[in-house]
1. List pairs: first residue in region 31-59 and over 16 Å from Ala19 (Cβ atoms), second residue modelled with pLDDT under 95 and surrounded by fewer than 12 Cβ atoms within 10 Å (Cβ to Cβ) anywhere in the structure, Cβ distance under 8 angstrom, at least six positions apart or on different chains.
2. Please go through region 1-36 and pick out each residue that is touching a Leu at 6+ places or on another chain (Cβ under 6 Å) and surrounded by 16 or more Cβ atoms within 10 Å (Cβ to Cβ).
3. What number of residues within region 36-57 satisfy the criterion of being assigned to a loop (DSSP other than H, G, I, E, B) and on the phi > 0 side of the Ramachandran plot?
4. Scan region 4-34 residue by residue and report those that are assigned to a loop (DSSP other than H, G, I, E, B) and in contact with a Lys or Arg (Cβ under 7 Å, 6 or more places away or on another chain).
Amino acid sequence: MEYLALPPGLVTTTTAALACGVQPATIRDWVRRGLLNRIGGTPKRPIYKLSDVLAAHTAPKPSRPGQRATDHVA
């Protein structure tokens, strides 16, 4: 069940993913890695501040040993 209406500036995992052009699993990964914090909702239906989601999207991501390089050549 999705929320019928959220206050302005708050988003669900699905909406956050759409706003950043990533998969919902990426949003959950940002939470797990500490780049994004939930501000409410339920354990299965968290809510985030849109401003926090956009900040996490532009934040430098910590690398892990063995992770593929993410250098993009334009």
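The values are calculated or read from the model by the stated rules, or taken from the named source; none is laboratory data. Model, not experiment: these values are computed from the prediction. Heads up, the Cβs are rebuilt from the backbone with ideal geometry, glycines too, and the neighbour counts pull from every protein chain shown.
1. Arg33/Pro62; Arg45/Met1; Arg45/Glu2
2. Of the residues in region 1-36, the ones touching a Leu at 6+ places or on another chain (Cβ under 6 Å) are 9, 11, 30.
Residues satisfying the conditions are Val11, Trp30.
3. Residues that pass the stated criteria total 0.
4. Once the filter is applied, which keeps residues that are assigned to a loop (DSSP other than H, G, I, E, B) and in contact with a Lys or Arg (Cβ under 7 Å, 6 or more places away or on another chain), region 4-34 yields only Gly9.
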